[in-house]
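See structure below.
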Amino acid sequence: MSVSSRGAVFFDLDETLVDRQAGLRQFAAQLWQEGLVRKLGMTEFIEHFILIDDNGRAPGPERFTSLCAEHLPGISPQDLITRIRSEAWRAPQLFPDAVQTLDTLAARGFRVGIVSNGSSISQRAKLHNTALRPWNDVAVISGELGCKKPDAQIYQHAMAMLGVSATESWFIGDSPVNDVLGPAALGMKPIWIERHVSWPPQHAPAYVARVTRLTEVLDVIQ
């Protein structure tokens, strides 16, 4: 990875670089194949699991209370969270253009970092078990720092780690609040990658650009 004065590009992890939903679909299918699921066929259970997870917006086990009570009677919500963290990310999937985008930006002289909400166990596994391993040392994880996006402290910590200011920093992610509004409030330049979350109508667009694929970022950041 190159170090230069061109500035830095920070990436969110889940649903930006890592296809989190794909990993959870595989995990849900595994639960069904183990014979743990009641009342639902495999496809129906997988879709229900993804709906209940809601992109991990509510990170605690409480979001799985009704799912476990109705369809996974042998597993508590806390046990389910533990299994997700220990099993779902053994072979996580990256979006196809993730590594190409990171490598190209680094080759252009940008410092590249990752800023992610989540537990240390889950997020480090996603880095360690994919081609993102070279960026493990420049990743800021909320579960390790003790604060999470959109708290200003997590972005400031990441910028300090790479030795850049807000005006020298880009931020790419799929969450309008965590990856666009939060960085923009500090003067960073956000690029919103539109995946599964719609832009909230109560907020004016605060992004420099909107993309649907990571490689489109390369046309914006030259």
Would you mention how many residues in region 144-199 are under 24 Å from R213 (Cβ atoms), out of contact with any Ser or Thr (no Cβ under 8 Å at 6 or more places or on another chain) and among the aliphatic types (A, V, I, L, M)? 6
Has region 73-90 got at least one residue that is surrounded by fewer than 16 Cβ atoms within 10 Å (Cβ to Cβ) and of a type in the set (A, V, I, L, M, F, W, C)? no
Region 82-96 - residue that is closer than 17 Å to E34 by Cβ and in a helix (DSSP H, G or I) and, of those, modelled with the lowest pLDDT: S86
Which condition breaks for A184 when tested against (1) crowded, with 17+ Cβ neighbours inside 10 Å; (2) within 19 Å of the chain's Cα centre (by Cα); (3) under 25 Å from D103 (Cβ atoms)? (3)
Taking the criterion of being under 19 Å from N178 (Cβ atoms), polar (S, T, N, Q) and assigned by TED's automatic domain parsing to the domain that holds V177, would at least one residue in region 122-132 satisfy it? yes
Name the single residue, out of those in region 77-104 being in contact with a helix residue (DSSP H, G or I) (Cβ under 6 Å, 6 or more places away or on another chain) and without any contact (Cβ under 8 Å) to a residue 60 or more places away in the chain, that is nearest to T212 (Cα to Cα). R85
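Okay, residues lined up against (1) closer than 21 Å to D174 by Cα; (2) touching a Leu at 6+ places or on another chain (Cβ under 6 Å); (3) of a type in the set (G, A, S); (4) surrounded by fewer than 16 Cβ atoms within 10 Å (Cβ to Cβ):
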residue	(1), (2), (3), (4)
T16	yes, no, no, no
D19	yes, no, no, no
L24	yes, no, no, no
E34	no, no, no, yes
R57	yes, no, no, yes
F64	no, yes, no, no
Taking first residues from region 211-222 that are farther than 16 Å from D103 by Cβ and second residues anywhere that are among the acidic types (D, E), the pairs with Cβ under 7 Å that are 6 or more apart or on different chains are T212/E194
Condition (residue is within 23 Å of the chain's Cα centre (by Cα), within 30 Å of P183 (Cβ to Cβ), among the charged types (D, E, K, R) and not assigned by TED's automatic domain parsing to the domain that holds G187) applied to region 24-47: is it met by at least one residue? yes
Identify, by number, the condition in (1) polar (S, T, N, Q); (2) in contact (Cβ under 8 Å) with a residue 12 or more places away in the chain; (3) over 23 Å from D103 (Cβ atoms) that S169 doesn't meet. (3)
Go through region 158-176 residue by residue and tally those that are surrounded by 15 or more Cβ atoms within 10 Å (Cβ to Cβ), of a type outside the set (S, T, N, Q) and either over 13 Å from the mean Cα position of the chain (by Cα) or within 16 Å of R111 (Cβ to Cβ) (or both). 10
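Filter region 36-63 down to residues that are of a type outside the set (V, I, T) and in a helix (DSSP H, G or I), then give me how many there are. Talk me through it step by step, then tell me what you get.
Filtering region 36-63 down to residues of a type outside the set (V, I, T) leaves 36, 38-42, 44-45, 47-49, 51, 53-63.
From the residues that got through so far, the ones that are in a helix (DSSP H, G or I) too are 42, 44-45, 47-49, 51, 53-56, 61-63.
Residues in region 36-63 being of a type outside the set (V, I, T) and in a helix (DSSP H, G or I): 14 in total.
Identify all residues within region 107-136 that are part of a helix (DSSP H, G or I), over 12 Å from the mean Cα position of the chain (by Cα), within 23 Å of P92 (Cα to Cα) and among the aliphatic types (A, V, I, L, M); write none if there are none.
Correct list: I121, A125.
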Condition first: surrounded by fewer than 16 Cβ atoms within 10 Å (Cβ to Cβ) and closer than 15 Å to R20 by Cβ. Now tell me which residues in region 97-148 satisfy that. I121, N129
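The values are calculated or read from the model by the stated rules, or taken from the named source; none is laboratory data. Only a predicted model underlies this, so the values are computations on that prediction, with no experimental measurement involved. Using ideal geometry, Cβ is built from the backbone for each residue, glycine included, and neighbour counts are taken over all protein chains shown.
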